[in-house]
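The values are calculated or read from the model by the stated rules, or taken from the named source; none is laboratory data. It should be emphasised that the depicted structure is a prediction, and the values quoted were computed from it without experimental measurement. Neighbour counts run over all protein chains shown; Cβ positions are idealised from the backbone, glycine included. Please note that ligands, DNA and RNA were not included when accessible areas were found on the heavy atoms of the full protein model with its side chains. Shrake-Rupley method; radii C 1.70, N 1.55, O 1.52, S 1.80 Å.
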Amino acid sequence: MSDFEIFETYQRLLKNEELSTPLAAILALTEMIEQSRAGTMFELVKELKDGAEELNLKSPNPISLNAGCELFIEFITLFPHPSANFSELKTELIRQGQQYVVEALTYRKKIAELAFDFIKDDSVILTHSYSRVVMQTLLMAHRRKRISVFVTEARPRGLGIKTAEKLRAVGIPCSVVLDSAVAYAIDKVDFVLVGSEAVVESGGLINAVGSNQIAIIAKAANKPFYALAESYKFHRLFPLSQYDLPSHNPKLLSFTQPRPPGMSLKTQSNNASEVNPHQINQEQIAQNNPDVDYTRPDLISLVFSDVGSLTPEGVSQYLVGMFAG
């Protein structure tokens, strides 16, 4: 194996804002094939699996990334490979991987066209955080219909602000809603529209933290909850709770041990201001909270994908067929 740095390659590819994490992972694996010295399919697949594992270990939230790696390695494994010229086979695998990414970049438009039919004139939509495919859907709807959008703040990353700024820049009426005010706003909403980190075997959704509670509120208010997901985000994962997610670790939501009474706080002599040991800042809160959560399939009305408008049960069936070979 060459000295190929797959994580650095992956991070470089992610600088292209059009590339989502699964597609960046697929392109990183194709570059790994270019640098590979493997002489057999067995050796190549092992190298790719090792590369995927390195990406998994070095990424703070590897769920969406793993979906892309899983899809590409499955494709490599099932690809017909005559043993006559392995170098030519590697060239073809690289071409196929790159071609798939080019095609996959068109999926957002397909999804937007599917979801467009469910958006009526004068719709009030609630969306959460930032999603490229949701943005494309809202922009398409804005060109042909009148819509207004509530956007959640989406802490701790605050990506809802990015969504709101982009919507306002093109003239879409929008209002930023506190994450804690979703229940207050839900009666003004016609439906909820969110993106996805991954859609799992149960038909459930993994997305920016807060999606689950929005889905619960939407269900209680009898409002449709629609998820938009490219098929490369369909993931062979079956979480039963939030704590089954690969991104979960025991440090999340941990209790801070209070300082024992009477213990003095030592400060540097040249520090004029006294440090407050009980002060809490936003960075500490973010580190102690998850980035994503899991939404059960019974809370999801439909999943719009490039392979069609699917019920959560339909997603399960598609995943079975997708990896059945």
Does the stretch 139-153 hold any residues that are buried (at least 19 other Cβ atoms within 10 Å of the Cβ) and either part of a helix (DSSP H, G or I) or over 23 Å from the mean Cα position of the chain (by Cα) (or both), and which are they? Ala141, Ile147
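Within the stretch 66-79, can one find any residue that is over 30 Å from Tyr294 (Cα atoms), in contact (Cβ under 8 Å) with a residue 60 or more places away in the chain and open to solvent by 50 Å² or more (accessible area, probe 1.4 Å)?
Yes - at least one qualifying residue is present in the stretch 66-79.
Filter the stretch 316-325 down to residues that are in contact with a helix residue (DSSP H, G or I) (Cβ under 9 Å, 6 or more places away or on another chain) and assigned to a helix (DSSP H, G or I) and give me whichever is modelled with the lowest pLDDT. Break it down stepwise before answering.
Here is the first cut: in the stretch 316-325, the residues in contact with a helix residue (DSSP H, G or I) (Cβ under 9 Å, 6 or more places away or on another chain) are 316, 318, 322-323, 325.
Now narrow it down to the ones that are assigned to a helix (DSSP H, G or I): 316, 318, 322.
On the way: Ser316: 86, Tyr318: 88, Met322: 74.
So the residue we want is Met322.
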Any pair with Cβ under 9 angstrom, 6 or more apart, that starts in the stretch 240-251 at a residue that is in a loop (DSSP other than H, G, I, E, B) and ends at one that is surrounded by fewer than 11 Cβ atoms within 10 Å (Cβ to Cβ): Ser247/Pro60
Residues of the stretch 188-219 classified as open to solvent by less than 10 Å² (accessible area, probe 1.4 Å), assigned to a loop (DSSP other than H, G, I, E, B) and either free of Cβ contacts under 8 Å to residues at least 12 places away in the same chain or under 12 Å from Arg296 (Cα atoms) (or both), total: 2
Within the stretch 220-227, does at least one residue satisfy the condition of being over 16 Å from Arg296 (Cβ atoms), in a helix (DSSP H, G or I) and of a type in the set (A, V, I, L, M)? no
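Given the options Leu19, Leu71, name the one that is touching a Leu at 6+ places or on another chain (Cβ under 9 Å) and closer than 30 Å to Tyr130 by Cα.
Working: Leu71 fails: touching a Leu at 6+ places or on another chain (Cβ under 9 Å).
None of the others qualify; the one that does is Leu19.
Condition first: hydrophobic (A, V, I, L, M, F, W, C), outside any helix (DSSP H, G or I) and within 26 Å of Ala154 (Cα to Cα). Now tell me which residues in the stretch 78-131 satisfy that.
Going through the stretch 78-131, the residues hydrophobic (A, V, I, L, M, F, W, C) turn out to be 78-79, 84, 86, 89, 93-94, 101-102, 104-105, 111-112, 114-116, 118-119, 124-126.
Right, trim to outside any helix (DSSP H, G or I) and you get 79, 84, 105, 118-119, 124-126.
Leu105, Phe118, Ile119, Val124, Ile125, Leu126, listed by residue number.
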Regarding Glu274, is this residue closer than 30 Å to Ala112 by Cβ, open to solvent by 60 Å² or more (accessible area, probe 1.4 Å) and at pLDDT below 95? no
In the stretch 113-123, which residues are open to solvent by less than 90 Å² (accessible area, probe 1.4 Å) and touching a residue at least 40 places away in the same chain (Cβ under 8 Å)? Leu114, Ala115, Phe118, Ser123
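Which members of the stretch 286-315 meet the condition of being assigned to a helix (DSSP H, G or I) and open to solvent by 30 Å² or more (accessible area, probe 1.4 Å)? Break it down into steps so the answer makes sense when it comes.
So in the stretch 286-315, the residues assigned to a helix (DSSP H, G or I) come out as 286-287, 297-299, 312-315.
Ala286, Gln287, Pro297, Asp298, Glu313, listed by residue number.
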Quick check on my filter: what residues within the stretch 154-185 are in a helix (DSSP H, G or I), of a type in the set (Val, Ile, Thr) and open to solvent by less than 30 Å² (accessible area, probe 1.4 Å)? Thr163, Val182
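Among the residues of the stretch 5-24, which ones are closer than 21 Å to Glu70 by Cβ and open to solvent by 80 Å² or more (accessible area, probe 1.4 Å)? Lay out the reasoning, then the answer.
Just the residues of the stretch 5-24 that are closer than 21 Å to Glu70 by Cβ, to begin with: 6-7, 9-11, 13-14, 19-24.
Residue satisfying the conditions is Gln11 alone.
Results for (1) without any contact (Cβ under 8 Å) to a residue 40 or more places away in the chain; (2) crowded, with 19+ Cβ neighbours inside 10 Å, shown as yes or no for each residue.
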residue: Asp3; (1), (2): yes, no
residue: Ile26; (1), (2): no, yes
residue: Leu48; (1), (2): yes, yes
residue: Arg95; (1), (2): yes, no
residue: Lys109; (1), (2): yes, no
From (1) more than 23 Å from Pro60 (Cβ to Cβ); (2) at pLDDT 95 or above; (3) within 21 Å of the chain's Cα centre (by Cα), pick out the condition that doesn't hold for Ser202. (2)
